[in-house]
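These notes are about the structure you will find just below.
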Amino acid sequence: FAKEEEIEKLDPLTPYDASKLFCEELIRAYARCFGMKPIILRISYLYGKYQSRGSLLENLARKVQEGEIVEIGNDVARDFLNAADLSSLFEKLLDFEGEGTFNVGSGVETRISEIVKTIATVLGKEIEVRRDPGLVRDNRLEKWHERANIGKVIKTIGWRHFLSLREGVEMWLGS
């Protein structure tokens, strides 16, 4: 895991990334003005039963179901978290009286090609994963490795995810 203090050394690469940091600062400012104790959750890539259409994993699952070849862009690594795991954190937070900013995820990074293979295995499909240059993002705007440093949420709140990626995908896809 990265050192705990590194969560404060964030370097947004895109306007979307910067907007998330701006919202955190807005929450902190509001809390200071009105005497509140905010809990800010930096949630990793969330997936689950009610996955929105057009999301990365929904699109990948559809591609696996439709064919033998799944084309991807950059084979980046992300930290995937099932919504059932997140709901277990919300339950714990109901009794938490503190405040803070917490990274929330599995603490495990998984390449896009690997999650495609996991989806295919769960669906019982034989597929080939290919890189499509047309889907490749600009390397300057890409974070190649994202894994949540979940040490603080484990230590402070006593929470950790309970589903493996395979179990989460099985739950999501209804196997």
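The values are calculated or read from the model by the stated rules, or taken from the named source; none is laboratory data. Since the structure is predicted, the reported quantities are computational estimates derived from the model, not experimental observations. All Cβ positions, glycine included, derive from the backbone under ideal geometry; neighbour counts span all protein chains shown. Just the protein is used for accessible areas: all its heavy atoms, side chains included, with ligands, DNA and RNA removed. Shrake-Rupley method; radii C 1.70, N 1.55, O 1.52, S 1.80 Å.
Taken together, Arg137, Arg131, Arg147 contain a single residue that is surrounded by 18 or more Cβ atoms within 10 Å (Cβ to Cβ) and basic (Lys, Arg), which is Arg147.
Hey, among the residues in the range 140-160 that are in contact (Cβ under 8 Å) with a residue 40 or more places away in the chain and part of a helix (DSSP H, G or I), which one's farthest from Ser106 (Cα to Cα)?
Filtering the range 140-160 down to residues in contact (Cβ under 8 Å) with a residue 40 or more places away in the chain leaves 140-153, 156-160.
Among the residues that remain, those that are also part of a helix (DSSP H, G or I) are: 140-141, 151-153, 156-157.
Numbers: Arg140: 26, Leu141: 24, Gly151: 11, Lys152: 13, Val153: 11, Thr156: 16, Ile157: 15 Å.
Filtering first and then ranking leaves Arg140.
In the range 145-175, which residues are basic (Lys, Arg) and farther than 12 Å from Leu89 by Cβ? Residues satisfying the conditions are Arg147, Lys152, Lys155, Arg166. Whether any residue in the range 91-102 is modelled with pLDDT of 95 or more and on the phi > 0 side of the Ramachandran plot is what I want to check. Within the range 91-102, one or more residues are modelled with pLDDT of 95 or more and on the phi > 0 side of the Ramachandran plot.
When Lys125 is tested against the conditions (1) more than 28 Å from Ile40 (Cβ to Cβ); (2) open to solvent by less than 50 Å² (accessible area, probe 1.4 Å); (3) assigned to a loop (DSSP other than H, G, I, E, B), the lone failure is (2).
The strands (runs of 3 or more DSSP E) falling completely within the range 1-110 that include 2 or more residues that are within 20 Å of Val129 (Cβ to Cβ) and open to solvent by 30 Å² or more (accessible area, probe 1.4 Å) map to 69-72.
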